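Here is the structure we will look at.
The values are calculated or read from the model by the stated rules, or taken from the named source; none is laboratory data. Owing to the predicted nature of the structure, the values given are computational and were not obtained by experimental measurement. Cβ sites come from the backbone with ideal geometry, for glycine too, and all protein chains shown count toward neighbours. Note: accessible area is taken over every heavy atom of the protein model, side chains too, but ligands, DNA and RNA are not part of it. Shrake-Rupley method; radii C 1.70, N 1.55, O 1.52, S 1.80 Å.
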Amino acid sequence: MNYWLMKSEPDVFGIDDLAAMPRKTDHWDGVRNYQARNMMRDEMKKGDQVFFYHSNCKEPGIVGIAEVVKEGYPDHTAWDPKSKYYDPKSDPENPRWYMVNIKFVRKFDRTVSLQEMKQEKALEGMKLLQRGNRLSVMPVEKKHWQHILKMEKR
DNA sequence: GCCAACGTTGGC
DNA sequence: GCCAACGTTGGC
């Protein structure tokens, strides 16, 4: 099993929105970055665990856990001219963009903030903390995953 | 709201 | 294939 982190803006779609969905599940549409696309299409597997990260907000950080329940499949919003994610260059015969479905697992007791994570020696080298990182989907190492779970309980 | 960092686009 | 211009992300 692998571990991941996915970013979302709470004003647009936060962890509470995921928890409020039917079956607490939603498709992760709108990713228009090739690196993130490749991970969703090729690497994320059913049962993989996902940190849900709130970005672009007052207190950026990890707020809970979700789980991959459906592996990569074409992101149909790319073919919908009315969607804000419409990409005329994505051909249904040869889809350019992919998404996965994730299901709410649990919300953290508290937010493990970005600021806090930056100060942790044990999290050195974590992708999220690297300068200028803008990926909205990224892998998390098991040791980092476990350390963050400990931080939550402090 | 600012701005640094990064990805993409397109002219050459 | 280079690289300047532009758009977006996201912390602050």
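Among residues of segment A:124-136 that are touching a residue at least 60 places away in the same chain (Cβ under 8 Å) and open to solvent by 40 Å² or more (accessible area, probe 1.4 Å), none has a beta-carbon under 8 Å from a residue that is within 11 Å of DNA strand B (Cβ to nearest atom) and in a helix (DSSP H, G or I) at least six positions away or on a different chain. Among residues of segment A:14-36 that are in contact (Cβ under 8 Å) with a residue 40 or more places away in the chain and away from DNA strand C (no atom under 16 Å from the Cβ), those with a Cβ under 9 angstrom from a residue that is among the acidic types (Asp, Glu) and assigned to a loop (DSSP other than H, G, I, E, B), sequence gap 6+ or separate chain, pair up as A:His27/A:Asp75.
The residue pairs whose first member lies in segment A:38-58 and is in a helix (DSSP H, G or I) and away from DNA strand C (no atom under 13 Å from the Cβ), whose second member is of a type in the set (Val, Ile, Thr) and open to solvent by less than 40 Å² (accessible area, probe 1.4 Å), and whose beta carbons are closer than 8 Å, counting only pairs six or more residues apart or on different chains, are A:Met39/A:Val137; A:Met40/A:Val31; A:Met40/A:Val100; A:Met40/A:Val137.
A residue that is touching a Gly at 6+ places or on another chain (Cβ under 7 Å) and within 16 Å of DNA strand B (Cβ to nearest atom) can be found somewhere in segment A:101-114.
Here's the yes/no breakdown for (1) open to solvent by less than 30 Å² (accessible area, probe 1.4 Å); (2) modelled with pLDDT of 95 or more:
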{"site": "A:Lys24", "(1), (2)": "no, yes"}
{"site": "A:Gln35", "(1), (2)": "no, no"}
{"site": "A:Gln49", "(1), (2)": "no, yes"}
{"site": "A:Lys58", "(1), (2)": "no, no"}
{"site": "A:Val63", "(1), (2)": "yes, yes"}
{"site": "A:Ala66", "(1), (2)": "yes, yes"}
{"site": "A:Glu71", "(1), (2)": "no, yes"}
{"site": "A:Ser83", "(1), (2)": "yes, no"}
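Which one of A:Lys107, A:Lys121 is more than 13 Å from DNA strand C (Cβ to nearest atom), open to solvent by 20 Å² or more (accessible area, probe 1.4 Å) and without any contact (Cβ under 8 Å) to a residue 40 or more places away in the chain? Going through A:Lys107, A:Lys121 in turn, just one is more than 13 Å from DNA strand C (Cβ to nearest atom), open to solvent by 20 Å² or more (accessible area, probe 1.4 Å) and without any contact (Cβ under 8 Å) to a residue 40 or more places away in the chain: A:Lys121.
Residue by residue, here is whether (1) within 16 Å of DNA strand B (Cβ to nearest atom); (2) in contact with a Cys (Cβ under 9 Å, 6 or more places away or on another chain); (3) of a type in the set (Gly, Ala, Ser) holds:
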{"site": "A:Val12", "(1), (2), (3)": "yes, no, no"}
{"site": "A:Lys24", "(1), (2), (3)": "no, no, no"}
{"site": "A:Arg32", "(1), (2), (3)": "yes, no, no"}
{"site": "A:Arg37", "(1), (2), (3)": "yes, no, no"}
{"site": "A:Met44", "(1), (2), (3)": "no, no, no"}
{"site": "A:Gly47", "(1), (2), (3)": "no, no, yes"}
{"site": "A:Val63", "(1), (2), (3)": "no, no, no"}
{"site": "A:Pro74", "(1), (2), (3)": "no, no, no"}
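Looking across segment A:1-22, just one residue is in a helix (DSSP H, G or I) and in contact with a helix residue (DSSP H, G or I) (Cβ under 7 Å, 6 or more places away or on another chain), and that is A:Leu18.
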